[in-house]
Structure formats: structure tokens, C-alpha cells
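Visitor: Below you'll find the structure I mean.
The values are calculated or read from the model by the stated rules, or taken from the named source; none is laboratory data. Predicted, not measured: the structure shown is a model, and the values here were computed from it. Note that we place each Cβ from the backbone using ideal geometry, even for glycine, and neighbour counts take in every protein chain shown. To get the accessible areas, we keep the full protein, side chains included, count just its heavy atoms, and leave off ligands, DNA and RNA. Shrake-Rupley method; radii C 1.70, N 1.55, O 1.52, S 1.80 Å.
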Amino acid sequence: MREVSHKDGLLEFSLGKFKNVLLNETIPAEAVLRNISSNVTVIIFQIHTHHQNVTISFNKKSSITNSGTGPDIGLVSILQPQQTVCTWYLQAVNANSVLSTAVPYSYTERDPIPGGCNLEFNLDIDPNIYLEYNMAETNIKFAPANLGHGRDAKPPICDSVTSQESRLRLRYDVYQYFLPENDLSETAFVSHMRKMSQVQNIRANGVKLMTLTSQDKTDLHFSSLPGQGVIYNVIVIDPQWNTSAAYVPVHTYACSPSALVDSCFTLRKLSTKIFFTILAVLGLFVCFFGHRFWKTDLFLMGFIVSAFCFFIAITRTSTLNYDVNLGLTAVVGIIGGLLLVAYWWRFGFVILCMFIVGLVLGFLVASTVFFTPLGNYKVFQDDVVFWVTFSCIALMVPIVFVGCPRVLNILTCGLIGSYTVVLATACYIYTSLSYIGIDLLRRILNDDFRRAYTSVPFQPNDLILLAVWAMLAIGGITVQLRRERREAPFPPHPYRLWKRERERRVTNILDPSHHVPPLRERIQSKLSQIKDFFQKEQPAGERTPLLF
């Protein structure tokens with residue numbers, strides 16, 4: 001790519017042709033578009049940078065009403081009769097050298113005007129998409145469009161109530177485009193941004209997420225993908241004339257590429273890597289040997305349930321930092337796993353243990369279902385509908401397999417054990433499969449996440465990891481099913497154990513357990529022992545006074 005410095009003179013642009021420009025903070029660069037055709041009524045000039053702010057203005061001296069500032073910013077020029085030249089001024093903000101890429105696009109009188117009915121932002125006509133993000137969700141806003149008009153005509157009234165002769169007939173298609181995974185480079189950003197700037201390219205390369213009418217809010221929410229580049233754009237459509245126009249695209253990595261602490265390059269914390277790497281080692285063992293080593297299997301399931309519940313509770317109720325929360329979560333998870341191992345048989349909690357095992361698998365199945373496009377149906381934005389549906393799917397798993405606990409346990413070992421490997425891999429390289437579990441946590445911890453549209457890329461890394469997950473799960477399940485097919489029923493059914501024990505005691509009168517007293521007598525005996533324990537001991541010797 002050739003970088004053009006504004007010191008070379010005026011920056012001459014052509015319609016639809018991108019130009020890379022090196023900007024500085026001291027002297028504005030003058031961008032000029034000449035020989036504009038008479039049938040063109042609107043020019044949208046846009047400029048993009050990797051992460052640094054730039055200012056674009058109609059005048060050398062910018063003001064709040066004639067300029068815009070940001071990494072993805074643009075201006076609309078409404079052409080006057082006989083006008084053939086447009087000029088804009090470009091300047092870096094708080095930086096001496098900023099590489100940017102800029103391009104002008106033209107539209108005719110029948111094309112809608114993006115941002116033509118702006119009532120919220122500073123510019124009179126604002127074609128920009130405004131983006132904010134946090135670690136959980138990304139929010140975009142844009143101003144409604146207006147109908148197109150000729151150079152010498154007045155723009156249509158924005159608040160007209162006649163649907164067919166006003167902006168109310170316009171529709172908005174929202175598009176999303178994912179940059180290559182694990183590539184935060186400026187070169188990749190510049191090349192892919194060009195695929196989301198023009199209407200034809202947006203439709204060819206982007207994924208349409210939704211269509212809005214003029215009655216819908218232009219305030220949208222999406223799940224954040226820290227470290228993954230995403231470009232958003234909106235195409236406004238006039239169905240009467242079958243014309244369309246594109247807003248200025250906006251991009252985000254849901255993190256700061258230039259931050260010294262917690263930047264896009266340091267997202268994966270050491271504590272997270274240690275936690276999930278150890279969990280993956282245990283999970284891989286359980287994947288292939290969990291059924292044979294039943295207590296290890298129970299420990300992992302108890303750890304997952306205890307750690308999951310505790311992490312939610314401590315994150316919601318405390319202000320401790322992430323590393324401390326994760327450390328406490330690990331400790332509580334270990335205690336929960338050990339308690340389940342220690343007491344599962346002593347108190348006859350066999351059914352409860354199998355229910356926990358099935359519920360862990362059910363949660364993974366339910367999370368996977370809502371990870372698919374099914375989870376983006378608007379009905380699931382209602383918390384009641386979502387959690388009732390989620391609970392039904394999660395509970396269905398242990399209910400379906402209630403008659404074959406061995407198969408349930410082996411399936412859980414294979415699928416849960418192999419998924420821990422996926423989570424551990426996500427600590428080192430980006431993969432969308434980790435969001436099967438992350439999105440569930442976000443839904444629980446962030447009250448506003450219910451309104452977020454969840455969409456993730458599915459690129460080569462994800463295909464490879466999905467294949468690894470499938471192979472590990474199938475391999476672990478197959479190995480354990482073949483190994484255990486001739487073993488005794490698992491786990492011993494409590495009713496069958498009780499019935500077999502009863503028959504044995506009836507038929508074998510020499511068995512000491514045959515002479516065990518009834519339950520009522522045993523309880524009375526225990527109570528008597530407790531009463532004797534607290535009774536005051538009488539002094540030894542004669543207690544009756546002598547008779548004389």
C-alpha cells in the first residue's frame with residue numbers, strides 16, 4: 001500500500017477510490033474531489049484509522065457543527081446547483097503521524113440520505129454509526145435517514161406522517177463483518193474495511209443480521225468479542241425507487257490496541273491460563289477414564305458446579321478483582337468436589353450425584369442450543385421465556401437418561417471433559433467455541449445482556465477446534481462404552497439394592513442383620529443413650545439415711 005502524505009500538496013480523490021493518507025496534528029490535509037457529475041446530489045466522504053482519532057471538517061477551522069472526530073468518521077456534502085468540486089480537511093488528533101484510508105462515494109436524487117433526519121447528534125446530517133463497548137456487549141447508534149432530493153429542491157420533512165411520501169417508508173439492513181481471527185494488524189484492517197464501505201460490497205461480504213423499519217429504534221446491542229475485529233454497517237433502502245445508500249462503517253476489537261495495561265494483546269491473563277490448563281488436564285483424563293475412576297469423575301462435576309455457582313455469587317456481590325475472584329473460585333470448587341466424593345455413598349446420594357452429572361451435561365447442551373442462531377430470536381430477550389426454556393432443555397437430559405445412568409455418565413465424561421480442552425485452548429488463541437459457556441455467564445451476570453444480539457465468527461481456527469472437540473468426545477465415549485459394556489450395572493439402583501438386601505435377610509436367618517431391631521426401637525434406643533449422656537451422675541455410696 002502506498003502512503004500519501006499531505007505534504008505532497010492537495011489530496012486529489014476519485015469517486016469510490018480509496019487512498020491511504022498519512023496525517024499529522026499540526027497542519028490539516030486538504031482533500032479535493034473534482035469533476036462531479038451533474039446527476040450527483042450527495043457526496044459522503046469517509047475516513048478510517050486502525051485505532052487513533054482523526055478529525056474531518058468542511059472548513060480549515062473545525063467546530064462542533066461542521067466536523068466529526070473518531071477512528072471511523074464521515075461527512076455528507078449536499079451539492080448545490082452547478083457545483084463540481086468538494087473540499088474537506090483532515091487532521092490527526094493527539095498524534096504526529098496517523099495512517100488513514102479515505103474514500104468519497106456519490107449518490108443521486110432518488111437515493112436515500114444516511115443520517116438525513118438526525119435529531120440526536122451534533123451534525124445536521126450525520127451518516128456516522130456511533131459505537132460504544134464493554135467486555136460484555138457492544139452498542140451502536142445511528143441517525144435515521146431521509147429521502148433523497150434534487151440539488152435545487154428542499155429536503156422532505158422528517159416528521160411527516162404520510163408513510164409513502166416520507167422517510168417512514170425507508171428500511172435499514174444491519175450488516176456485520178468479522179476480520180480474520182488473531183489478526184490485529186493495521187494492514188488487515190485497511191484491506192477488509194474496504195469490503196464494508198459500498199452498498200454492493202457490503203451485501204457481497206457482510207452478514208445481514210436484521211432489518212429495521214422506521215418505527216424501530218436505531219440503538220442496537222451485540223455481544224462483545226474482545227480481541228476479535230468486527231465491522232458494522234447499515235444500508236438504508238427506499239423500496240419505492242429500489243435504491244439504497246450506505247452509512248459510514250465502524251469497527252471495534254472490544255479492547256484497546258494501544259493501551260499499556262489490559263490491551264488487546266494482553267487479554268488472556270496468566271491466572272486464567274493456569275486455571276483452565278489444570279482443568280483441561282483433569283477433563284482429558286475424565287474424557288477417557290472418568291467412568292472407571294468414578295470418584296475422579298464426581299470430583300470434576302462437583303468442582304464445576306461449585307465453582308460456577310460461587311463465581312456468579314462473588315462477582316455479583318463483591319468488588320474484588322478478577323484474579324482474586326478466580327483464586328477463591330478454584331478453592332471453593334476443590335472443596336465442593338471433595339465433599340461430593342466424600343459423602344456420595346455414605347449418605348446414599350447416588351441419585352443426587354447422577355442428577356448433578358446429568359445437569360452439568362444439560363447445561364452444556366442448553367448453552368449450545370442458545371449459542372446457535374436460535375438464541376437470537378426476539379422472544380428470548382424476555383428473561384422468563386429464556387430461563388424457562390433453558391431450564392427445560394437442561395433438565396431434559398437427566399430425565400431422558402434416567403433409565404440408563406451408565407450411558408449418561410459416559411456421555412457427560414466425554415462431552416464435558418473434551419470441552420475443558422476447548423476452554424483451555426481459548427486461553428492461548430481466539431476461538432468462538434469458548435463463547436458457548438461465556439455467553440451463559442454474561443446472561444447471568446449482566447442484566448442488559450438479554451438485549452444483545454449474539455453472533456460470532458466461524459473461521460478456520462474454529463473448524464479445527466470443533467473437529468478436535470468432536471474427535472475427543474467421540475473417542476472418549478467409544479473407549480468407555482466398549483470397556484464398560486460387560487461390567488456390573490452402574491450405579492447400583494437404590495431400590496434394587498434394598499429389595500435384594502431384604503430378600504437376603506428373609507431367607508438367611510443366621511445373618512446378624514436379620515435380627516436388626518425395627519426402626520422405631522432403634523430410634524428410642526438412640527434417644528435413651530443421648531438422655532443418659534446428659535443425666536447428672538449420682539455420687540457413689542449409701543443414699544438412704546440410717547434408721548435408728
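Visitor: Can you tally the net charge around Asn139? Count Lys and Arg as +1, Asp and Glu as -1, for every other residue whose Cβ sits under 13 Å from the Cβ of Asn139. Before the final figure, lay out the partial values.
Guide: Numbers: positive: Lys141, Lys217, Arg451; negative: Glu132, Glu137, Asp219, Asp448.
Once positives and negatives cancel, what remains is -1.
Visitor: Moving on. So how far, in whole Å, is the C-alpha centre of segment 279-329 from the one of segment 118-179?
Guide: Cα centroid of segment 279-329 versus Cα centroid of segment 118-179: 47 Å apart.
Visitor: Rounded to the nearest Å, what's the spacing between the alpha carbon centres of segment 37-110 and segment 403-469? Just the number, please.
Guide: Spelled out, the Cα-based centre of one part sits 43 Å from the other.
Visitor: Right, another one. Using the Cα gyration tensor of segment 11-252, with a ≥ b ≥ c the square roots of its eigenvalues, what is the shape: rounded (a/c below 1.5), prolate (a/b larger than b/c) or oblate (neither)?
Guide: oblate
Visitor: In segment 11-252, if the dipole is taken from +1 on Lys/Arg beta carbons and -1 on Asp/Glu beta carbons about the Cα centre, which of Leu75, Val98, Pro144 is farthest to the positive end?
Guide: Leu75
Visitor: Subtract the Cα-Cα distance of Val93 and Arg268 from 0.36 nm times their separation in residues, and report this length gain in nm to one decimal. Each step should come with its number before you reach the end.
Guide: Details: separation 175, 0.36 × 175 = 63.00 nm, distance 3.00 nm.
Net length gain for the segment: 60.0 nm.
Visitor: How far apart, in nanometres, would the label points at Ile278 and Trp241 be if each is projected 7 angstrom from Cα along the Cα-to-Cβ direction?
Guide: Using points 7 Å along Cα→Cβ, the separation is 6.6 nm.
Visitor: Leaving out ligands and nucleic acids, and using a 1.4 Å probe, what accessible area per residue does segment 392-475 come to in Å²? Mind dumping the intermediate values first?
Guide: Details: 3440 Å² over 84 residues.
Dividing the accessible area of segment 392-475 by its residue count gives 41 Å².
Visitor: Separate question: Give me the percent of the accessible area of segment 30-152 that comes from carbon and sulfur atoms, probe 1.4 Å, all protein chains in place.
Guide: Values: 2190 of 4970 Å².
The value for segment 30-152 is 44 percent carbon and sulfur by accessible area.
Visitor: Continuing with the same structure: Could you pull out which residues in segment 60-100 have an amide N less than 13 Å from a spot 7 Å beyond the Cα of Arg151, following the Cα-Cβ vector?
Guide: Backbone N within reach: 78-86.
Visitor: With +1 on each Lys and Arg Cβ and -1 on each Asp and Glu Cβ, and nothing else charged, work out how big the dipole of segment 269-484 is about its Cα centre, in Debye to the nearest 20. Walk me through the numbers before you get to the answer.
Guide: Values: 14 positive and 9 negative charges, 72 e Å.
Dipole about the Cα centre, nearest 20: 340 debye.
Visitor: Given a Förster radius of 56 Å and the C-beta distance between Asp447 and Val32 as r, what FRET efficiency does 1/(1 + (r/R0)^6) yield to the nearest 0.05?
Guide: On the way: r = 50 Å, r/R0 = 0.89.
Once rounded, the FRET efficiency stands at 0.65.
Visitor: Another question, if that's okay. Which shape class applies to segment 269-484: rounded if a/c is under 1.5, otherwise prolate when a/b exceeds b/c and oblate if not, where a ≥ b ≥ c are the square roots of the Cα gyration tensor eigenvalues?
Guide: Values: a/c = 1.31, a/b = 1.25, b/c = 1.05.
It comes out rounded by the Cα gyration axes.
Visitor: How far, in nm, would the chain grow between Tyr428 and Leu466 when pulled straight, counting 0.36 nm per residue and subtracting the alpha carbon separation? If you can, show how the numbers build up before the last one.
Guide: Details: separation 38, 0.36 × 38 = 13.68 nm, distance 1.59 nm.
Taking 0.36 nm per residue and subtracting the Cα distance, the gain is 12.1 nm.
Visitor: Given labels modelled 7 Å from the Cα in the Cβ direction, how far is it in nm from Asn53 to Ser14?
Guide: Spacing of the two 7 Å Cα→Cβ label points: 3.5 nm.
Visitor: To the nearest 0.05, what FRET efficiency results for Arg485 and Leu328 with a Förster distance of 41 Å applied to their C-beta separation?
Guide: Using R0 = 41 Å, I get an efficiency of 0.45.
Visitor: Considering only protein heavy atoms and a 1.4 Å probe, what is the carbon-and-sulfur percentage of the accessible area of segment 186-265? Display every interim value, and only then the final one.
Guide: Numbers: 1550 of 3140 Å².
The value for segment 186-265 is 49 percent carbon and sulfur by accessible area.
Visitor: In addition: Residues with beta-carbon under 13 Å from that of Ser166, excluding Ser166: net charge, scoring Lys, Arg +1 and Asp, Glu -1? Could the numbers behind the result be given before it?
Guide: Values: positive: Arg167, Arg169; negative: Asp159, Glu165, Asp238.
Here the count lands on -1.
Visitor: Residues of segment 1-150: accessible area per residue at 1.4 Å, in Å²?
Guide: Values: 6570 Å² over 150 residues.
On a per-residue basis, 44 Å².
Visitor: What does the C-alpha gyration tensor say about the overall shape of segment 108-187? Classify as rounded when a/c is under 1.5, otherwise prolate if a/b is larger than b/c, or oblate.
Guide: Numbers: a/c = 2.51, a/b = 2.16, b/c = 1.16.
It is prolate, given that a/c is not under 1.5 and a/b is the larger ratio.
Visitor: So what J values fall out for segment 318-329 if you push phi through Karplus, 6.51 cos²θ - 1.76 cosθ + 1.60 with θ = phi - 60°, rounded to Hz, Gly and Pro as x?
Guide: Per residue, the Karplus-derived 3J(HN,Hα) values read 10, 10, 5, 6, 4, 4, 5, 4, 5, x, 5, 4 Hz.
Visitor: Heavy atoms only, probe 1.4 angstrom, no DNA, RNA or ligands counted: give me Leu433, Leu15, Leu445, Leu338 ranked by accessible area, highest first.
Guide: Details: Leu433 5, Leu15 70, Leu445 45, Leu338 100 Å².
Largest to smallest exposure gives the sequence Leu338, Leu15, Leu445, Leu433.
Visitor: Using 0.36 nm per residue of separation minus the Cα-Cα distance, give me the extension gain between Ser191 and Cys404 in nm, one decimal.
Guide: Working: separation 213, 0.36 × 213 = 76.68 nm, distance 5.48 nm.
Net length gain for the segment: 71.2 nm.
Visitor: Please report, as a whole percent, how much of the solvent-accessible surface of segment 269-484 comes from carbon and sulfur atoms (probe radius 1.4 Å). Numbers along the way, then the final one.
Guide: Details: 7810 of 10370 Å².
The nonpolar share, carbon plus sulfur, comes to 75 percent.
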